[in-house]
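Asker: Attaching a single structure in structure tokens format; questions to follow.
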Amino acid sequence: MKFGAHVSISGHIHLAIDRAVAIGCECLQIFVGNPRQWRHIEYAAADVALFREKRARAGLDPVVAHSAYLINLASPDDAFYARSVALLIASVDGISRLGGLGVITHIGSRMGLSREEAAARVAAALRVVLDHTEGAMVILENSAGAGGAIGGTFEELAAILDALEWHPRLGVCLDTAHLFAAGFDIRTPEGVARVLRGFDRTVGLRHLRAFHLNDSKAPLGSHLDRHENIGAGQIGLRGFRALIHHRVTRGLPGLIETPGFDRKGADRRNLEVLKRLRRLGPLRARSYTRRTPKHN
């Protein structure tokens with residue numbers, strides 16, 4: 001697994017590359033606009049060219065965008081729904097111009113709709129986005145499953161992909177903090193293997209495109225989305241070591257959205273923790289099973 005972070009695009013978008021390099025990123029996630037506004041931003045051709053040039057020189061791969069937090073692809077409010085679709089289209093167009101892999105997006109909330117009604121609206125929204133864009137992917141992020149949030153189970157993710165006939169430009173990003181809060185126990189090698197087998201049976205590993213690597217401040221199954229620094233939360237170093245050395249995660253990007261040990265956002269220290277776990281290699285076989293006491 002290669003490691004990166006979500007970094008700021010403040011000032012000029014190409015400065016994100018400098019920030020990523022400064023903290024030791026191997027891949028990169030950015031916003032392509034203000035995550036809390038509907039406004040679409042069109043970047044100057046010179047800034048786009050400089051971004052691509054710096055990115056190539058730094059060897060950052062892949063680069064992804066995260067969509068705005070406002071987006072709800074299941075909203076029952078038609079005006080809000082239309083704005084969500086338009087903003088996701090703009091995000092896909094933006095990351096395509098930058099030569100990125102795709103846009104990772106929260107799916108949204110049912111807001112009183114049935115699961116079937118919400119899934120139908122999400123599928124319809126994604127079909128419009130895919131029909132009006134090209135190149136970059138739309139990568140659906142799992143949720144912590146709070147309230148009506150969509151994507152807290154693998155079955156919900158699979159239903160959306162299936163409704164779109166498993167479109168080749170659709171993928172999935174698994175957020176470790178969201179997984180844990182949704183009830184998926186990834187604290188041990190056994191737990192990691194069990195969760196990934198379940199994902200493969202339900203969704204299919206070929207659709208897994210990225211991880212968000214975040215420890216969880218919230219307990220298992222709490223449905224609370226509370227990110228913590230790597231090893232400082234409920235998942236712990238053993239779980240992350242098992243995940244990054246599992247055979248199916250090789251080559252995938254692992255992007256941190258951690259609060260930072262200085263509480264100023266994603267930082268070099270979190271990435272260094274992950275790189276140290278990578279250097280350590282997989283846990284030895286005897287660590288995979290709980291020892292049982294000998295009986296006389």
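Asker: State to the nearest 20 debye the size of the charge dipole of the chain about its Cα centre, where the only charges are +1 on K and R beta carbons and -1 on D and E beta carbons.
Answerer: 1700
Asker: Given the options S114, S84, S67, which has the most mean-square fluctuation in a GNM of the chain, springs set between C-alpha atoms less than 10 angstrom apart?
Answerer: S114
Asker: Still on this structure: Can you work out the Karplus-derived ³J(HN,Hα) for every residue in segment 19-32? Use 6.51 cos²θ - 1.76 cosθ + 1.60 with θ = phi - 60°, whole Hz, and x for glycine or proline.
Answerer: 5, 5, 5, 4, 9, x, 5, 10, 8, 7, 10, 9, 8, 10
Asker: Something else now. Please compute the net charge surrounding R226, taking Lys and Arg as +1 and Asp and Glu as -1 over other residues with Cβ under 15 Å from its Cβ. Kindly include the intermediate steps, with their values, before the conclusion.
Answerer: On the way: positive: K217, R263; negative: D175, D215, D225, E228, E257.
Its environment carries a net charge of -3.
Asker: Mind checking the log10 I(q)/I(0) for segment 78-118 at q = 0.16, 0.20, 0.26 Å⁻¹? Debye, one equal scatterer per Cα, no solvent, two decimals.
Answerer: -0.52, -0.71, -0.92
Asker: Next question, about the same structure. Whole Å is fine, so just give me how far the alpha carbon centre of segment 158-217 lies from that of segment 1-65.
Answerer: Segment 158-217 and segment 1-65 have Cα centres spaced 25 Å from each other.
Asker: Using only helices, what value at 222 nm comes out for the chain when you add -39,500 (n - 2.57) per DSSP H run of length 4 or more and divide by the total residues, to the nearest 500 deg cm²/dmol? Please list the in-between numbers first.
Answerer: Numbers: 9 runs with 111 residues, N = 296.
Dividing the helical sum by the residues of the chain leaves -11500 deg cm²/dmol.
Asker: When N is the residue count of segment 116-262, what does its C-alpha Rg come to as a fraction of 2.2 N^0.38 Å?
Answerer: Values: Rg = 15.2 Å, N = 147, 2.2 N^0.38 = 14.7 Å.
Here the Cα radius of gyration is 1.04 times the empirical estimate.
Asker: Here's a follow-up. Loop-only trypsin sites (Lys or Arg not before Pro) in segment 227-256, please: DSSP not H, G, I, E or B, and at most 11 other Cβ atoms within 10 Å. Display every interim value, and only then the final one.
Answerer: Values: sites: R238, R241, R247, R250; in loops: R250.
Sparse-neighbourhood loop trypsin sites (Lys or Arg not before Pro): R250.
Asker: Separate question: Mind sorting Y81, Y69 by how few other Cβ atoms lie within 10 Å of their own Cβ, fewest first? Kindly include the intermediate steps, with their values, before the conclusion.
Answerer: Working: Y81 20, Y69 13.
Fewest-to-most ranking of Y81, Y69: Y69, Y81.
Asker: Lys and Arg at +1, Asp and Glu at -1: add these up for the other residues within a Cβ distance under 15 Å of C25 and post the number. Don't skip to the end; give the middle numbers.
Answerer: On the way: positive: K2, R19, K54, R55, R57, R268, R269, K275, R278; negative: D18, E26, D61, E257, D267, E272.
Net charge around C25: +3.
Asker: How many lysine pairs in the chain, separated by 8 or more positions in sequence or lying on different chains, have Cα atoms less than 28 Å apart?
Answerer: Step by step, the pairs that qualify in the chain add up to 9.
Asker: Could I ask something else about it? In whole angstrom, and with the biggest value first, how far do the Cα coordinates of segment 1-92 range along each principal axis?
Answerer: If we take the Cα atoms of segment 1-92, the spans are 44, 32, 17 Å.
Asker: Which of S114, F199, G251 sits farthest toward the positive end of the charge dipole of the chain, with +1 on the Cβ of Lys and Arg and -1 on the Cβ of Asp and Glu?
Answerer: It is G251.
Asker: For the chain, set up a GNM with springs between Cα atoms under 10 Å and report which of G171, G239, G11 has the largest fluctuation.
Answerer: The residue that fluctuates most here is G11.
Asker: With springs only between Cα atoms under 10 Å apart, run a GNM on the chain and tell me which of A56, A218, A74 wobbles the most.
Answerer: Comparing A56, A218, A74 in the GNM, the peak value goes to A56.
Asker: Convert each backbone phi in segment 72-88 into a coupling constant with the Karplus relation 6.51 cos²θ - 1.76 cosθ + 1.60 (shift: θ = phi - 60°), then list the ³J(HN,Hα) values in order as whole Hz, x for Gly and Pro.
Answerer: Values, residue by residue: 9, 7, 10, 3, x, 7, 4, 5, 5, 4, 5, 5, 4, 4, 4, 5, 5 Hz.
Asker: Against the globular-protein guess of 2.2 N^0.38 Å, express the Cα radius of gyration of segment 2-284 as a ratio, rounded to two decimals. Present the calculation step by step, with values, prior to reporting the outcome.
Answerer: On the way: Rg = 17.8 Å, N = 283, 2.2 N^0.38 = 18.8 Å.
Normalised Rg, Cα atoms only: 0.95.
Asker: What does the charge count near S91 come to, summing +1 for each Lys or Arg and -1 for each Asp or Glu among other residues with Cβ under 15 Å from its Cβ? Intermediate results must be reported in sequence, preceding the final value.
Answerer: On the way: positive: R36, R39, R83, R97, R169; negative: E42, D93, E134, E141.
In short, +1.
Values quoted throughout were computed directly from the atomic coordinates according to the rules given, and no laboratory measurement underlies them. Since the model is a prediction, treat every value here as computed from it, not as a measurement. As a convention, Cβ positions derive from the backbone with ideal geometry for all residues, glycine included, and neighbour counts pool all protein chains shown.
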